[in-house]
Amino acid sequence: MRYLDSSLKQATLYRYVPLYRLLEVLSLNKLALMKTSKWEDPFEGFLFDYCIREFPQWHAFRDLKTELFCLCLSTDMEKDQIWRAYASNRDGVRMKLYLSALESALGEEFVLGKVSYRVVSAIEELLREYRDDHAPSEDKLLKLFFLKRKGFKSDQEVRLLTTDASTTGDVKSVEIDARAVIAEVMFDPRMDGSLYSSYKDLLKSAVYGFRGRIHQSQLYSPAKVFENI
């Protein structure tokens, strides 16, 4: 696995998903990367499309977008808007990942990088640099998928990106040792307590065999947060 930013080697990474996604990972020992062309945000891929369309020296890479797959992670320990965005049914979990174990499972075709958040004028300046760049490369184009507007900075997003021309579907599955990669599971703070207890027992059962720490977020439980005062 390659790093766009060496500081990520010391980072703690989290993955927020609905519970069923976690159960899939534990059952199949696979991570699912989504094809970037299927993202709903119209800005995603816009810079890539612009370069391919407007700057002739980049035309040779026009098929790259349909070969890109991404897994979205975060360095943010917890935030209300993340729970609401990734688990609208109050059934979310936050997986804390062992980066060393993830790195061991992935080859050099995978790139891990922090998303850079810039104002529109800075993005325009970058496009002018691409316009005048006559040494185009795939790596330079991939960097455009690690760029978002300043208004999304609170996401603190990290992306795992890879290319694969052989996968024709919308999802690329990557084999991992899920119990080695996932260090901890934290449940949605909005989840009913009895339901959380049932799911906790399920994760510990022989069916899923998770042995890492399991707990529920106390984001909406001020009495518990300050109980030692």
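The values are calculated or read from the model by the stated rules, or taken from the named source; none is laboratory data. Computed from a predicted model, the values in this text were never measured in an experiment. Glycine gets a Cβ as well: all are built from the backbone with ideal geometry, and neighbour counts include every protein chain shown.
Data for the structure
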{"quantity": "Residue among TYR130, TYR86 that is touching a helix residue (DSSP H, G or I) at 6+ places or on another chain (Cβ under 7 Å) and touching a residue at least 40 places away in the same chain (Cβ under 8 Å)", "calculated": "TYR130"}
{"quantity": "Residue list for segment 146-166, filter: in contact with a strand residue (DSSP E or B) (Cβ under 7 Å, 6 or more places away or on another chain) and outside any strand (DSSP E or B)", "calculated": "PHE146, LYS150, PHE152, LYS153, ASP155, GLN156, ASP164"}
{"quantity": "Of all residues making up segment 142-169, the number that are out of contact with any Lys or Arg (no Cβ under 9 Å at 6 or more places or on another chain) and either modelled with pLDDT of 90 or more or not β-branched (Val, Ile, Thr) (or both)", "calculated": "11"}
{"quantity": "Candidates ARG94, ARG90, filtered to the one that is surrounded by 19 or more Cβ atoms within 10 Å (Cβ to Cβ) and over 18 Å from ASP41 (Cβ atoms)", "calculated": "ARG94"}
{"quantity": "Some residue of segment 7-15 being crowded, with 19+ Cβ neighbours inside 10 Å and of a type outside the set (A, V, I, L, M)", "calculated": "yes"}
{"quantity": "Residues (of a type outside the set (S, T, N, Q), more than 22 Å from SER217 (Cα to Cα) and touching a strand residue (DSSP E or B) at 6+ places or on another chain (Cβ under 9 Å)) located in segment 171-192", "calculated": "VAL171, LYS172, VAL174, GLU175, ILE176"}
{"quantity": "Condition broken by SER27, with the remaining ones in (1) under 23 Å from THR167 (Cβ atoms); (2) among the polar types (S, T, N, Q); (3) in contact with a helix residue (DSSP H, G or I) (Cβ under 7 Å, 6 or more places away or on another chain) satisfied", "calculated": "(3)"}
{"quantity": "Pairs, first under 15 Å from THR75 (Cα atoms) in segment 100-120, second surrounded by fewer than 13 Cβ atoms within 10 Å (Cβ to Cβ) and not hydrophobic (A, V, I, L, M, F, W, C), C-beta under 7 Å, six or more apart", "calculated": "TYR117/LYS150"}
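Yes/no per residue for (1) more than 27 Å from ARG53 (Cα to Cα); (2) surrounded by 12 or more Cβ atoms within 10 Å (Cβ to Cβ); (3) of a type in the set (Asp, Glu):
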site: SER74; (1), (2), (3): yes, yes, no
site: GLU103; (1), (2), (3): yes, yes, yes
site: GLY107; (1), (2), (3): yes, no, no
site: VAL111; (1), (2), (3): no, yes, no
site: SER116; (1), (2), (3): no, yes, no
site: ALA122; (1), (2), (3): no, yes, no
site: ASP139; (1), (2), (3): no, no, yes
site: SER154; (1), (2), (3): yes, no, no
